[in-house]
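Read-outs: derived from the displayed coordinates by stated rules, not from any lab. In this text, all values refer to a predicted model and were calculated from it rather than measured experimentally. Ideal geometry is used to build each Cβ from the backbone, glycine not excepted, and the neighbour counts take in all protein chains shown.
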Amino acid sequence: MAQITSLAAVCALLLSHSFISGVQGTSFTIVNKCNYVVWPGVLSNAGVSTISTTGFTLRRGESKSISAPASWGGRFWGRTHCSQDSAGKFSCLTGDCGSGKLECSGNGAAPPATLAEFTLDGAGGLDFFDVSLVDGYNVPMLVVPHGGTGQNCTYTGCVVDLNDSCPSELKVMKREGRDGVACKSACEAFRQPQYCCSGAYGTPDTCKASSYSEVFKRACPRAYSYAYDDKSSTFTCAKADYTITFCPSPNTSQKSSSEGQNTETPSTTTLINGTMVYEGALDDSAASPSIFTHVFGSHAIAMDILFFSIYLLSLISFLHGTSGITFTLVNKCDYTVWPGVLGNTQLDSTGFELPSGGSRSLQAPSSWSGRFWGRTGCASDQTTGQLICQTGDCGSTQIECNGRGATPPATLAEFTTGSGTQDFYDVSLVDGYNLPMIVEPSGGLGMCFATGCINDLNRQCPTELRVDSGEACKSACEAFGTPAYCCSGPYATPDTCKPSVYSEMFKAACPKAYSYAYDDATSTFTCTGADYTITFCPSSTSQKSESNTIPTTATTYGSITGSGQVSSEEKGSWLPYLLTGDSSKSLSDAVFHTTLLAIFLVFLS
């Protein structure tokens, strides 16, 4: 009965929140952290109300807030290198809107330009937003939601300066011809259907990522890199405000993505080898299956549905507990990897050889805590027969690690399974980095995102952290041993131990991985009843799998329409959080009703 009361209270709060938000509209705050002036441009979609300005000046360090009406749609971008000629005509070297004035007055950006695109109050009452490089790139940009709810209500953007690394055939130079000021899309540069997703290439099945769009995607995994890059690049929120920052700082801006997000902490906080604390940050869930549009007016059946849902979840947990968890380790590196395993309960193996292209599955009990890592450059001493590895060595001198952990630096995949009904997992660079790794859940309920670090950090490792000729990259703690870097002594709390310039480098390259000991909010992930695949040296396409539960929008060239399609996996993710009483998650009224209807239909059938 207490759960029903809680649900009713949540609904009442959300009704009042919806009313207030509907009156106030959505606030966009545009911030300029570049060391130069930016002239933001604004374009509203056809058929929607316009907002108060279509273009303005934003000097270094300045910000401006703009209110948008309900159901607004449009885009923001930054114009750079702007000036006014003797006749009073205003023009910009990048992002120019062709109006000849400071205000764009209904004109869009001339490519190349980094775009922040929004459709407010779309399908299921959700805002759909993205940062797009489909029209090319001219300035770093980050979009951060505030005060909203949703499973996919998180930051997106491109914080890397692509102008420096832009291929010469795409680069736009200053008038003097010395420095790159923008980077064209392949479509703009070559005007070929396969790059523009037009003609015979006008569908997702025929238009694929190109070598040029992959340059963008590797640098900015969350941004749109080509027209059909929907799954990993569209984000949703309910009733949020947004901050759009030009030239954001790589790490602190990402951290702010967790503002306004409700979090939960598991009943037990787990320490693994003293290096990783699981805080269990959980994003709110507010995606609404678009197939259910009828508003269910009565909660009379809520109690039956509640007990049915609890029963169903208990059954899933029981069956999963009986069969245990399967970890499948896959080696996509072009060299042999020797995985190591350390846990509170020993698995079938604690270390083995995995040749290039090989895979091996290990069975773990339903409640298990431990870690996996990859050893590299291993060889047996011809005299003693002892196995020694260049990176990740566990010191056992054998192929089996026998209860020993990895010698830093090593990329770690860490798990605490069966904590209540949820598994907690992460990929950690707290002990440094030695090879790319991704963790992908399968068959589970919940948010169940992939996480990892797919970039080769050994190539960009600072000299002071580099191991020998670049086989691995140390953490700052290992390299310097000071409390500030190790989060020890007077720096042993989240309030006193902050990111360093070195952890920020890790975070910028691998936003989902732990970069330092208290990097919990953006780096711990959860799933219920899943098995896991751990891949060494994943291909770039592995990033796509992280979008299993992300709503997909029907996206046209350079814009989003917000169709709000939701996968079947996502619909299943509602049971653990909506009706079991395990969560204090805020749900929109429409989401609450449609979800009850969905479960009710299943229950009746």
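Here are the numbers:
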read-out: ³J(HN,Hα) computed for each position of the stretch 61-69 - Karplus, 6.51 cos²θ - 1.76 cosθ + 1.60, integer Hz, glycine/proline x; value: x, 8, 9, 8, 9, 10, 9, 10, x
read-out: Net charge, A413 excluded, C-beta distance under 14 Å - Lys, Arg +1, Asp, Glu -1; value: -3
read-out: Cα gyration tensor, the stretch 80-211 - rounded (a/c under 1.5), prolate or oblate; value: oblate
read-out: Residue pairs, from the table K208/K507; K217/K512; K184/K208; K171/K474; K217/K498; K184/K217, whose Cα atoms sit over 23 Å apart; value: K208/K507; K171/K474; K217/K498
read-out: Nitroxide proxy distance, nm - points 7 Å out along Cα→Cβ at Q390 and T57; value: 5.6
read-out: Sequence ranges 196-203, 98-105, ranked by mean other-Cβ count within 10 angstrom, highest first; value: 98-105, 196-203
read-out: Rounded FRET efficiency, nearest 0.05, which uses the C-beta distance separating S105 from S27 and R0 of 35 Å; value: 0.95
read-out: Burial ranking of peptide ranges 209-218, 137-146, 506-515 (average Cβ count within 10 Å, highest at the top); value: 137-146, 506-515, 209-218
read-out: Nearest-0.05 FRET efficiency for N402 and D495, computed from C-beta distance (R0 60 Å); value: 0.95
read-out: Cα-based shape type of the stretch 27-260, given that a ≥ b ≥ c are square roots of the gyration tensor eigenvalues and the cut on a/c is 1.5; value: rounded
read-out: Gained length - T463 relative to Q192, 0.36 nm times residue gap less alpha-carbon distance; value: 93.3 nm
